[in-house]
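Below: one structure, written as structure tokens.
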Amino acid sequence: MAVLGRGALILLVEDEPLLRMATHDDLLAAGFAVIEAADADQAIAILQCRSDIEAVFTDIDMPGSMNGLRLAAVIRNRWPPIKLIVTSGHRKPQPGDLPAGVPFLTKPYAPERMVSALRDILMEQR
């Protein structure tokens, strides 16, 4: 893993295309590598094919077979080493909605806050 998470591969799961593009650009500018998914189903398909993803940054409300809360639970169960951050502008998770230790960011968030949160969780791997 690179220093402070730089170069780490992040799977960005966001159904809103403009927000996904802006977040992708913010992550690239911070030195992360990024793969995008428009929903949880695409994210699972990517995770099944890749072993190099270090963190997933996911929205809660998305179309498809599961939302971001369920996606976080699936990732924690199937790929426990992968770090997670969950975000939403519409709802705040209740206690027990997220796996233990998974941070939540309320939208809108400053790009610096997102980058800092990702670096913090990636440093936990040390």
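Descriptive notes on the structure:
- Residue list for the range 39-72, filter: in a loop (DSSP other than H, G, I, E, B) and either over 12 Å from the mean Cα position of the chain (by Cα) or acidic (Asp, Glu) (or both): Asp39, Arg50, Ser51, Asp52, Glu54, Asp61, Met62, Pro63, Gly64, Ser65, Met66, Asn67
- Matching residues, the range 81-96, being surrounded by 14 or more Cβ atoms within 10 Å (Cβ to Cβ) and in contact (Cβ under 8 Å) with a residue 24 or more places away in the chain: Ile82, Lys83, Leu84, Ile85, Val86, Thr87, Ser88, Pro93
- For the criterion of being within 14 Å of Leu9 (Cα to Cα), crowded, with 20+ Cβ neighbours inside 10 Å and modelled with pLDDT of 95 or more, Val56 passes.
- The set of residues in the range 92-126 that are among the basic types (Lys, Arg) and in contact with a Gly (Cβ under 8 Å, 6 or more places away or on another chain) comprises Lys107, Arg119.
- Taking each residue of the range 97-126 that is more than 14 Å from Val56 (Cα to Cα) and outside any loop (DSSP other than H, G, I, E, B) and looking for partners that are modelled with pLDDT of 95 or more and not hydrophobic (A, V, I, L, M, F, W, C) with beta-carbon atoms closer than 6 Å, six or more apart or interchain, yields Pro111/Asp26.
- Subset tally (residues that are surrounded by fewer than 21 Cβ atoms within 10 Å (Cβ to Cβ) and in contact with a Leu (Cβ under 7 Å, 6 or more places away or on another chain)) for the range 33-46: 5
The values are calculated or read from the model by the stated rules, or taken from the named source; none is laboratory data. Because the structure is predicted, anything quoted here is derived from the model rather than measured. FYI the Cβ positions are ideal-geometry reconstructions off the backbone, even for glycines, and counts take in every protein chain you see.
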